[in-house]
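This report refers to the structure that appears directly beneath it.
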């Protein structure tokens, strides 16, 4: 069984989130939470919150044990871009693009992974 958790409009670029998300893919969920706790980046904290939400969804909505969960995928997709301007010399302006991300974490039960192999 697959369980999803999505965090939308995170104020961080998708590239920065993907660097940390690649680390936790394929890990057991409890080990991934511990790993994210010791990564000193803002994106690790945001991924940790999303991962804990996915674990809570699995336990409360689907009656799954947190020890059996594995991170099937951790994605960071492009969200809306906030477009701003910065005043520049001689009355001109330079664009500033403030990127956002959508974080999606999919957890899977170990027993269903064993049956598929």
With the structure loaded, tell me whether residue 84 is in contact with a strand residue (DSSP E or B) (Cβ under 8 Å, 6 or more places away or on another chain) and closer than 22 Å to residue 6 by Cβ or whether it fails that test.
no
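Could we say that residue 107 is in a helix (DSSP H, G or I) and either closer than 16 Å to residue 23 by Cβ or within 18 Å of the chain's Cα centre (by Cα) (or both) here? Quick ask: steps written out before the conclusion?
Values: in a helix (DSSP H, G or I): no; either closer than 16 Å to residue 23 by Cβ or within 18 Å of the chain's Cα centre (by Cα) (or both): yes.
The answer is no for residue 107.
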Selection from region 13-34 of residues that are touching a helix residue (DSSP H, G or I) at 6+ places or on another chain (Cβ under 8 Å) and surrounded by 19 or more Cβ atoms within 10 Å (Cβ to Cβ)
17, 20, 21, 24, 29, 32
Only one residue in 39, 24 is touching a residue at least 24 places away in the same chain (Cβ under 8 Å) and under 18 Å from the mean Cα position of the chain (by Cα), so which one is that?
24
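Which residues, counting only those in region 37-52, are in a helix (DSSP H, G or I) and within 20 Å of residue 100 (Cα to Cα)? Write out each step before concluding.
Taking region 37-52 as the starting set, the residues that turn out to be in a helix (DSSP H, G or I) are 37, 42-52.
Of everything in region 37-52, those that are in a helix (DSSP H, G or I) and within 20 Å of residue 100 (Cα to Cα) turn out to be 42, 43, 44, 45, 46, 47, 48, 49, 50, 51.
Could you list, in sequence order, all residues of region 55-81 that are in contact (Cβ under 8 Å) with a residue 60 or more places away in the chain and either surrounded by 15 or more Cβ atoms within 10 Å (Cβ to Cβ) or in contact with a helix residue (DSSP H, G or I) (Cβ under 8 Å, 6 or more places away or on another chain) (or both)? I'd like the intermediate steps shown before the answer.
Taking region 55-81 first, the residues in contact (Cβ under 8 Å) with a residue 60 or more places away in the chain are 62, 64, 69, 72, 76-80.
Answer for region 55-81, where residues must be in contact (Cβ under 8 Å) with a residue 60 or more places away in the chain and either surrounded by 15 or more Cβ atoms within 10 Å (Cβ to Cβ) or in contact with a helix residue (DSSP H, G or I) (Cβ under 8 Å, 6 or more places away or on another chain) (or both): 64, 69, 72, 76, 77, 78, 79.
Since every read-out is calculated from the coordinates, none of them should be taken as a lab result. This one's a predicted model, so the numbers in the text were calculated from it and none came from an experiment. Here the Cβ is made from the backbone with ideal geometry for all residues, glycine too, and neighbour counts use every protein chain on show.
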